[in-house]
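Visitor: Just passing along the structure, written as structure tokens.
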Amino acid sequence: MAALTTSDLADLTSTEAQSLSQTQLSGLTPAQITGMSTTTLGNLSTTQLSALTSTQVLGLTTSQLNAMTLNQVLALTVRNLSLGQVTGLNATEVANLSSTQVASLAPTQIAALSTTAINTLRADELQGLTTAQANAPTAVQIAGMTATTLGNLSTTQLAALTPTQIHGLTSSQLTAMSASEIQALAVSSLSLSQVANLGTIALANLSTTQVASLNGSQIAALSHSSLNTLTADEIQALTTTQANALTLGQIAGLDTTTLGNLTPTQLGALTTTQLLGLTPTQLTNMAATAIQALAVSHLSLVQIANYSTTALGNLTPTQIASLSASQVAALSTTSINALTPDEIQGLTTGERADRGADRRHDHDHARQPHGDAARRADDDAGTRLHRDAAHQYDPSRAPGADSPEPVGRADRVIEHDGLRQPLHDADRLAHRDADRSTVDDRDQRLVGG
């Protein structure tokens, strides 16, 4: 048989081909097998094909394999196919494989199948794969699986997917998964891109254990709309590290329900940056126990200025006392008036003084709308008073210039800008001489009279 040329083999009729004994057929070399026409090969019976040795099977070309009938394919020992032959199998031929044949494929052969070929595998064939076989598909093959094919994998197989395979899952595939399917995944292996693109449905289908398994970077990658789908149990299962991973934007995007599901411990552990993300609406809608857990001394002046009386009223005296002078000064008058006596007492002396000064300043501006102009006018009036007093002094009319200054004149003060101010030395001299001149004039009138 080894002496037959490819031309000789091609001339064999169907009857002649099928009359070859197993011994005769086993004498054919791989090269002779490769040289057979699809017609000659098609004339071989299933029994003859099943008798081909592993070496002879390696001689089959892709064209020959893809030209075989269903029964001929079923007769082959596909485990003996090379990776190149497996890769060359078209979707029809792979679809023709039996469950037994699929189950016989080595993991490397599974990894060699085209994406199109994999999608022809039936549910029973897929679920018949061992863990080693199920772990064989590449990330590209995983990404190319249809929702039906992926859905045909058992939860056990899904749970056994490697991190590399999990990285191959697309957003569409994750979204299309049922709750039981996605709950079987090791979601801690999802990439940040996958987490960021998780639909609200997929995220809502995660179990509490899965949410708790996400690392800080994955938590920070979630959209705020996705975060708002988490249940109270899932939110409260977050560790301090996970809760502290939430970004300022995520904090600002939390709805009232989600924010309300955070425990006092989680709220108390929020960082300064996270606290700055809280909006006036969020602060106002917080329950008393929630707002009392916050480190309010880290709130910005803008947040404090927009604090509602309700939110302020929920603060404890200790929290009020922790506010800085700048924060207290930022509070509105309405908010200040809403403080309880205990909270007022909780303010430090400096905070009360700063706030009192601000209120007096506000009152002065209300009483004197033209404060700057009024003060300039008072300054001018004071200057004129000093000038006139100095002008009235005349040494020639002061015979008693050497007499001692009357007691108490050194302590004279003037009203200036609404305050009693001590006179400077020059001012006191001017006022003293003016007074003496007045006394001399009075004495002369008495003598003349």
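Visitor: How do 104-115, 330-341, 11-22 rank on mean C-beta neighbours within 10 Å, highest first?
Guide: For the peptides 104-115, 330-341, 11-22, the packing ranking is 104-115, 330-341, 11-22.
Visitor: With θ taken as phi - 60° and the coefficients 6.51, -1.76 and 1.60, list the Karplus ³J(HN,Hα) couplings across the stretch 280-288 in order, rounded to whole Hz; mark glycine and proline as x.
Guide: x, 5, 5, 5, 5, 7, 5, 5, 4
Visitor: Could you run the Karplus curve 6.51 cos²θ - 1.76 cosθ + 1.60 with θ = phi - 60° over the stretch 222-234 and give me ³J(HN,Hα) per residue in whole Hz, x for Gly and Pro?
Guide: Along the stretch 222-234, the couplings run 5, 6, 5, 5, 5, 4, 6, 8, 5, 7, 4, 4, 5 Hz.
Visitor: Net charge near Asn152, counting Lys/Arg +1 and Asp/Glu -1 over other residues with Cβ under 15 Å of its Cβ?
Guide: It works out to a net charge of -2.
Visitor: Still on this structure: Tally Lys and Arg at +1 and Asp and Glu at -1 over the other residues with C-beta under 15 Å from the C-beta of Gln210: what net charge comes out?
Guide: Once all neighbours under 15 Å are counted, the net charge is -3.
Visitor: Each residue of the stretch 59-66 in turn: what ³J(HN,Hα) in whole Hz from Karplus with 6.51, -1.76, 1.60 and θ = phi - 60°, glycine and Pro shown as x?
Guide: x, 5, 8, 4, 5, 5, 4, 6
Visitor: So, one more: Among 222-229, 299-306, what's the highest-first ranking by average C-beta atoms within 10 angstrom per residue?
Guide: 222-229, 299-306
Visitor: Here's something else I'd like to know. For every other residue with a beta carbon closer than 15 angstrom to the beta carbon of Asn43, add +1 if it is Lys or Arg and -1 if Asp or Glu, then tell me the sum.
Guide: -3
Every number in this text was worked out from the coordinates using simple rules, so none of it is lab data. Bear in mind that the values here come from a model prediction, so they are computed numbers and not experimental data. Positions of Cβ are generated from backbone atoms using ideal geometry, with glycine treated the same way; all protein chains shown enter the neighbour counts.
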